[in-house]
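Enquirer: I'd like to ask you about the structure that follows.
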Amino acid sequence: MTAIDSSAPVMVTGATGYVAGQLVKKLLKQGLTVHAPVRDPDKPEKLKYLNEIAAASSGEIKYFKADLLDDGSYDEAMAGCALVFHTASPFKIDVKDPQSELIDPARLGTRNVLQSANRTPEVKRVVLTSSCAAIYGDNADLRTTPDGVFTEETWNTSSSMTHNPYSYSKTVAEKEAWKIAESQSRWDMVVVNPTLVIGPGINPHATSESFNLIKQMGDGTMKTGAPRWGFGAVDVRDLAEAHYNAGFTPTAKGRHIVSGHNTNMFAMSQTLLEKYGEDYPIPRRALPKWLMWVIGPIVDKSITRKAISRNVGLPWIGDNSKSVRELGISYRPLAESMNDFFQQMIDSGLVKKAG
Ligand code: NAP
């Protein structure tokens, strides 16, 4: 691909979201014009943080009205854009109807955005925010993965509408995207597959699941212990860099695992102990798998015994070397991301001191 002309506008779907916020910040700081199709362009409170950043940057942001499930609604925002970042997709674990709440917006939404790209002659590249959820379903999948490590070659084959429906939604959406991208040759697609995203967002009150999980490490939910549930984790600021480089590096190609650390829930919580352990109920021991199996689904009905059996006590091992080599990412330490994130939650009142 020839280099993207940085004087052309760039479109970002899901700009109001946690992940996209830091990406839009980076684009605006670089002086780019960002086209942001959002569901509610008339709700100023949803755009407050983006507008504050735009006011302090050399770039400009323009809003358009669009919905993933509204065919053709991205056409207007995409007009004139050479580069499209498609990040919008619901990230929710506790859902009543996976088909309408997760799978339709993920798969049909991706189709909708990429069909707009097919109709927009200026588009040269689409960067798709997929997920490592499209690479693996459970840590137990590692047992049947070549060399015992998740790579860009791996696809999630264990998730379904009834088991890990969010992961299933990301898998079918990425597959749909490749099908559309490979059926034409005018634009190319680069995919970013992040693990669990942590670190401070531009909006301290974001609703992404990332906030729920880390909040529970300090609000007393996990005071009896945190499970050794293997995860990969990446800082939202490093992920913004990865998206940016995926967009502007002409040689970038294919999928990219974007993950700073192979870790687990207990190990993540322990990075908070030194600074916050005295004032907040940070877990001090690892919750045994049998206890998690007994109480997990009672405490949180979105956690199933099948998920516990197939994840707790099992490591997550992913190979991030392609993102380092080809996108030039240098990942910040886990403790820095965790502490910056937790401090943001304290400052915004999301977590409060014990007692
Ligand atoms: P988020 O804060 O909930 O953001 C989701 C974004 O999608 C919001 O901007 C939301 O718009 C938009 N959206 C949802 N349904 C829509 C619809 N029907 N029409 C138009 N827009 C819609 O979640 P996030 O964590 O930033 O996730 C963003 C992307 O990163 C997703 O693709 C997710 O799968 C991926 N990802 C996230 C993580 C993570 O740990 N957070 C890890 C891997 C991949 P509204 O503001 O209008 O709701």
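The values are calculated or read from the model by the stated rules, or taken from the named source; none is laboratory data. Since we're looking at a predicted model, the values are computed, not measured. Here the Cβ positions follow ideal geometry from the backbone for every residue, glycine too, while neighbour counts run over all protein chains shown. Only protein heavy atoms, including side chains, enter the accessible area calculation; ligands, DNA and RNA are left aside. Shrake-Rupley method; radii C 1.70, N 1.55, O 1.52, S 1.80 Å.
Enquirer: Being at pLDDT 95 or above and within 24 Å of Asp138 (Cβ to Cβ) is true for just one of Ser330, Ser321. Which residue is that? Walk me through how you get there before you give the answer.
Expert: Numbers: Ser330 fails: within 24 Å of Asp138 (Cβ to Cβ).
After ruling out the rest, the residue left standing is Ser321.
Enquirer: Could you give every pair whose Cβ atoms fall below 7 Å, whose first residue belongs to region 309-334 and is part of a loop (DSSP other than H, G, I, E, B), and whose second residue is open to solvent by 60 Å² or more (accessible area, probe 1.4 Å), counting only separations of at least 6 or pairs across chains?
Expert: Gly313/Arg228; Gly313/Lys289; Pro315/Asn262; Trp316/Asn262; Ile317/Asn262; Ile329/Glu241
Enquirer: Of Ile180, Ile214, which residue is assigned to a helix (DSSP H, G or I), closer than 27 Å to Glu336 by Cβ and touching a residue at least 40 places away in the same chain (Cβ under 8 Å)? If you could, list the steps in order and put the result at the bottom.
Expert: Details: Ile180 fails: closer than 27 Å to Glu336 by Cβ.
Result of the check over Ile180, Ile214: Ile214.
Enquirer: Considering only region 159-170, state which residues are polar (S, T, N, Q), more than 11 Å from the ligand (Cβ to nearest atom) and open to solvent by less than 20 Å² (accessible area, probe 1.4 Å).
Expert: If the condition is that a residue be polar (S, T, N, Q), more than 11 Å from the ligand (Cβ to nearest atom) and open to solvent by less than 20 Å² (accessible area, probe 1.4 Å), then Ser159 is the only one that fits.
Enquirer: Next question. Hey, can you tell me all the residues within region 175-205 that are within 11 Å of the ligand (Cβ to nearest atom) and surrounded by fewer than 18 Cβ atoms within 10 Å (Cβ to Cβ)?
Expert: The answer is His205, and nothing else.
Enquirer: Could you please find all residues in region 131-153 being polar (S, T, N, Q) and either surrounded by 22 or more Cβ atoms within 10 Å (Cβ to Cβ) or in contact with a Cys (Cβ under 6 Å, 6 or more places away or on another chain) (or both)? Spell out the reasoning first.
Expert: Looking only at region 131-153, we keep the residues that are polar (S, T, N, Q), and these are 131, 139, 144-145, 151.
Hit for region 131-153 is Ser131, nothing else.
Enquirer: Which residue out of Leu68, Leu47 is in a loop (DSSP other than H, G, I, E, B), surrounded by 19 or more Cβ atoms within 10 Å (Cβ to Cβ) and near the ligand (Cβ under 10 Å from one of its atoms)? Steps first, please.
Expert: Values: Leu47 fails: in a loop (DSSP other than H, G, I, E, B).
Among Leu68, Leu47, only Leu68 is in a loop (DSSP other than H, G, I, E, B), surrounded by 19 or more Cβ atoms within 10 Å (Cβ to Cβ) and near the ligand (Cβ under 10 Å from one of its atoms).
Enquirer: Go through (1) at pLDDT 95 or above; (2) under 22 Å from the mean Cα position of the chain (by Cα); (3) of a type in the set (Phe, Trp, Tyr) one by one and return the number of the condition Phe211 breaks.
Expert: Tallying (1) at pLDDT 95 or above; (2) under 22 Å from the mean Cα position of the chain (by Cα); (3) of a type in the set (Phe, Trp, Tyr), Phe211 fails exactly one: (1).
Enquirer: Look at Leu83 and say whether it is more than 13 Å from the ligand (Cβ to nearest atom) and buried (at least 21 other Cβ atoms within 10 Å of the Cβ).
Expert: yes
Enquirer: Of all residues in region 1-34, count the ones that are in a loop (DSSP other than H, G, I, E, B) and near the ligand (Cβ under 10 Å from one of its atoms). Talk me through it step by step, then tell me what you get.
Expert: First pass over region 1-34, keeping only residues in a loop (DSSP other than H, G, I, E, B): 1-9, 14-17, 30-32.
Filter once more, keeping what is near the ligand (Cβ under 10 Å from one of its atoms): 14-17.
Residues in region 1-34 being in a loop (DSSP other than H, G, I, E, B) and near the ligand (Cβ under 10 Å from one of its atoms): 4 in total.
Enquirer: Across region 105-140, what is the number of residues that are part of a helix (DSSP H, G or I) and near the ligand (Cβ under 10 Å from one of its atoms)?
Expert: Here is the first cut: in region 105-140, the residues part of a helix (DSSP H, G or I) are 105-119, 132-134, 139-140.
If we keep only those that are near the ligand (Cβ under 10 Å from one of its atoms) too, we end up with 105-106, 108-110, 112-113, 132-134.
So the answer is 10.
Enquirer: Could you tell me which of the residues Ser100, Ser116 is open to solvent by less than 70 Å² (accessible area, probe 1.4 Å), at negative phi, without any contact (Cβ under 8 Å) to a residue 60 or more places away in the chain and out of contact with any strand residue (DSSP E or B) (no Cβ under 9 Å at 6 or more places or on another chain)?
Expert: Working: Ser116 fails: out of contact with any strand residue (DSSP E or B) (no Cβ under 9 Å at 6 or more places or on another chain).
Among Ser100, Ser116, only Ser100 is open to solvent by less than 70 Å² (accessible area, probe 1.4 Å), at negative phi, without any contact (Cβ under 8 Å) to a residue 60 or more places away in the chain and out of contact with any strand residue (DSSP E or B) (no Cβ under 9 Å at 6 or more places or on another chain).
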